[in-house]
1. Does the range 1-50 hold any residues that are surrounded by fewer than 12 Cβ atoms within 10 Å (Cβ to Cβ), assigned to a helix (DSSP H, G or I) and among the aliphatic types (A, V, I, L, M), and which are they?
2. Filter the range 48-72 down to residues that are charged (D, E, K, R) and either touching a residue at least 24 places away in the same chain (Cβ under 8 Å) or in contact with a helix residue (DSSP H, G or I) (Cβ under 7 Å, 6 or more places away or on another chain) (or both), then give me how many there are.
3. What number of residues in the range 22-40 are in contact with a Lys or Arg (Cβ under 9 Å, 6 or more places away or on another chain) and under 15 Å from LEU63 (Cα atoms)?
4. Answer yes or no: is there a residue in the range 5-26 that is of a type in the set (A, V, I, L, M, F, W, C), more than 16 Å from LEU64 (Cα to Cα) and in contact with a Ser or Thr (Cβ under 9 Å, 6 or more places away or on another chain).
5. All but one of (1) more than 28 Å from the chain's Cα centre (by Cα); (2) in contact (Cβ under 8 Å) with a residue 12 or more places away in the chain hold for ARG24, so report the exception by its number.
6. Pick from the range 51-93 the residues that are within 18 Å of LEU27 (Cβ to Cβ) and small (Gly, Ala, Ser): which of them is farthest from the chain's Cα centre (by Cα)?
7. Return a yes/no flag: does the range 2-11 have any residue that is closer than 24 Å to VAL73 by Cβ, touching a Lys or Arg at 6+ places or on another chain (Cβ under 7 Å) and not hydroxyl-bearing (Ser, Thr, Tyr).
8. Report whether or not ILE75 is free of Cβ contacts under 8 Å to residues at least 40 places away in the same chain and loosely packed, with under 13 Cβ neighbours inside 10 Å.
Amino acid sequence: MYRATPLTEKTALKELGERIRAHRIALNLSRESFAEKAGIGKNTLVRLEMGQSVSLSHLVKVLLQFGFAEALVDIVPDYSRSPMMLLRESQKLPQRQRAGRKKKDVDTAPWVWKEDE
């Protein structure tokens with residue numbers, strides 16, 4: 001989505017609230033029934049839909065009710081597993097092998113001291 005102006009806290013809260021309201025209406029749910037299902041107060045839902053600040057736990061409850069909580073968690077990358085670790089787990093990478101040593105030609109003659117020659 002193209003934005004003419006940079007996203008600020010105020011515009012982000014307002015847009016998020018509008019989207020939550022639109023999704024609730026698309027599901028044909030009243031504020032009262034949805035707030036009850038989500039386990040939050042009706043006034044909290046009104047503040048959220050108006051783009052006002054609410055606690056993170058209330059937002060998570062709303063997103064859980066919509067089935068969007070996974071998307072919220074996925075916003076921040078999981079650095080406990082690096083991309084290389086994930087690649088190695090998903091593919092069987094060939095193991096590096098050491099080069100073998102060349103065998104020296106061995107004289108069949110018995111060894112003698114230089115003085116004895």
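1. ALA12, ALA22, ALA26 - these are the residues of the range 1-50 that are surrounded by fewer than 12 Cβ atoms within 10 Å (Cβ to Cβ), assigned to a helix (DSSP H, G or I) and among the aliphatic types (A, V, I, L, M).
2. Within the range 48-72, the first condition is being charged (D, E, K, R), and the residues that meet it are 49, 61, 70.
Retained after the next criterion (residues that are either touching a residue at least 24 places away in the same chain (Cβ under 8 Å) or in contact with a helix residue (DSSP H, G or I) (Cβ under 7 Å, 6 or more places away or on another chain) (or both)): 49, 61.
Qualifying residue count, the range 48-72: 2.
3. Residues of the range 22-40 that are in contact with a Lys or Arg (Cβ under 9 Å, 6 or more places away or on another chain), as a first pass: 24, 29-32, 34-36, 38-40.
Then keep just the ones that are under 15 Å from LEU63 (Cα atoms); that gives 24, 29, 31, 34-36, 38-40.
Final tally of qualifying residues: 9.
4. yes
5. (1)
6. Among those that are within 18 Å of LEU27 (Cβ to Cβ) and small (Gly, Ala, Ser), it is GLY67.
7. Within the range 2-11, not a single residue is closer than 24 Å to VAL73 by Cβ, touching a Lys or Arg at 6+ places or on another chain (Cβ under 7 Å) and not hydroxyl-bearing (Ser, Thr, Tyr).
8. On the way: free of Cβ contacts under 8 Å to residues at least 40 places away in the same chain: yes; loosely packed, with under 13 Cβ neighbours inside 10 Å: yes.
Taking the combined requirement at face value, the residue satisfies it.
Every number in this text was worked out from the coordinates using simple rules, so none of it is lab data. Note that this is a predicted model, so its numbers are computed, not measured. Note: ideal-geometry Cβ built from the backbone for every residue, glycine included; neighbour counts use all protein chains shown.
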